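What follows is calculated from the coordinates using simple rules that are stated; it is not laboratory data. Not measured: the values here are computed from a predicted model. Cβ coordinates were reconstructed from backbone atoms using ideal geometry, including for glycine residues, and neighbour counts include every protein chain displayed.
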Amino acid sequence: MSTLLLVPHVTPGGDERLWAALGESLGRHAPETDTEAKILLELVKPLVVQKNTYVWEGCHGLILARHQAYLKDHNFAGAAVWLLRGLEIDKAMYWTNDGERGRWETLLACGSFARLLCRYCLKISLGLLSGLRNLPEDGVDKEVFVQSHFMASETVKAVRQDELSDSVANVREFKTLCDFVDIANSRKQKNSDHKIAAKVVSCLEETPDSDDKNAVVLSQCHPTFWKDLFLIAVEILQRDQVRFGGGKKANFQSCFDARGIRVLMTTYLKLQLRNDIHNAVIGENIDKNAVNLALSTGLATAFVTENAKRKSHKTTSSFVDHERKDTPLHLSDTLSPSEQDRLISRALGDLY
């Protein structure tokens, strides 16, 4: 009722005490239903567009009340949706005619809901990844993993169906959560190592941010996740070793290509610099030599796979000249077999 009475009197250049009273009233109110909250937000949103900071801050309290209500009911999809409604209010506050200040970097620097959404995705991702390395068969651990998987899946589904999905589709924290859900889904299936390997490389590879004018090069996932993702990759490499059987198995397809192995080696070196990998390796009964052997053998099997593909496709010289001239080459395409052997030997020497 107080909002309905105050809104007509809150105008640009008007009494600032009315602005503060309206903002205080919104911030202290905890709507019991989504409908009530949405009506109030629609009512005061024009004031936010006019850059009224009192009302903007009051909307934050209103939205957080709905977010917390959903968390209390363990409705994680609803909680994520209300973070997006907060993001919508922040966009209204910082939007300009040219759209420049509506960019994600501005929202992340100036608005609170962009940071809250990133933190929410990180928290859910961390809970999911803790059970990804060794899927529990039964007991309390399995229940925790199932709940984490459900929470992550519902959050991803809700965000993708929201009208603001395009605004967060390329946010690193959300992309990481999506990849973790895909990994969790794949680990329930047989013969899924290739799919998991591709997602691990996607998370760990350092790439420039396409939306960042400064083109900052970062890995998609937070450094907190590097260790567990790397050890998942090592497990896949060790299974590859068994499947490869010393090169005797025909039509062998390695899970990681040479680029993927390079990403894993880079991650391994970064983890060593962070003094993060050693305790994990000891705790998992995987010694340093086993990790190094898995990486070097993985590079060798990647070359074997890529060489086989190159031979099968290289039927004529015109194919290379015309069909592939605009296609990025694999590392094996630029190295002779002897150079590949030297690279593998050097990798062994550097890692050991």
Whole-Hz ³J(HN,Hα) from phi, Karplus 6.51 cos²θ - 1.76 cosθ + 1.60, for the range 155-171, glycine and proline x: 5, 4, 4, 5, 5, 5, 8, 7, 5, 9, 4, 5, 6, 10, 4, 9, 6
Here, residue 253 and residue 146, labelled 7 Å along Cα→Cβ, have an inter-label distance in nm of 3.3 nm
Assuming 0.36 nm per residue, please report the length gained on full extension of the stretch residue 218 to residue 307 beyond their Cα-Cα distance. 29.0 nm
Extension length gain for residue 50 and residue 36 (0.36 nm per residue less Cα distance), in nm, is 2.8 nm
Please give, to one decimal in nm, the separation of the simple spin-label points placed at residue 24 and residue 194, each 7 Å out from Cα toward the Cβ. 6.5 nm
Of the listed pairs 157/199; 123/190; 72/175; 72/157, which have alpha-carbon separations greater than 23 Å here? 123/190; 72/175
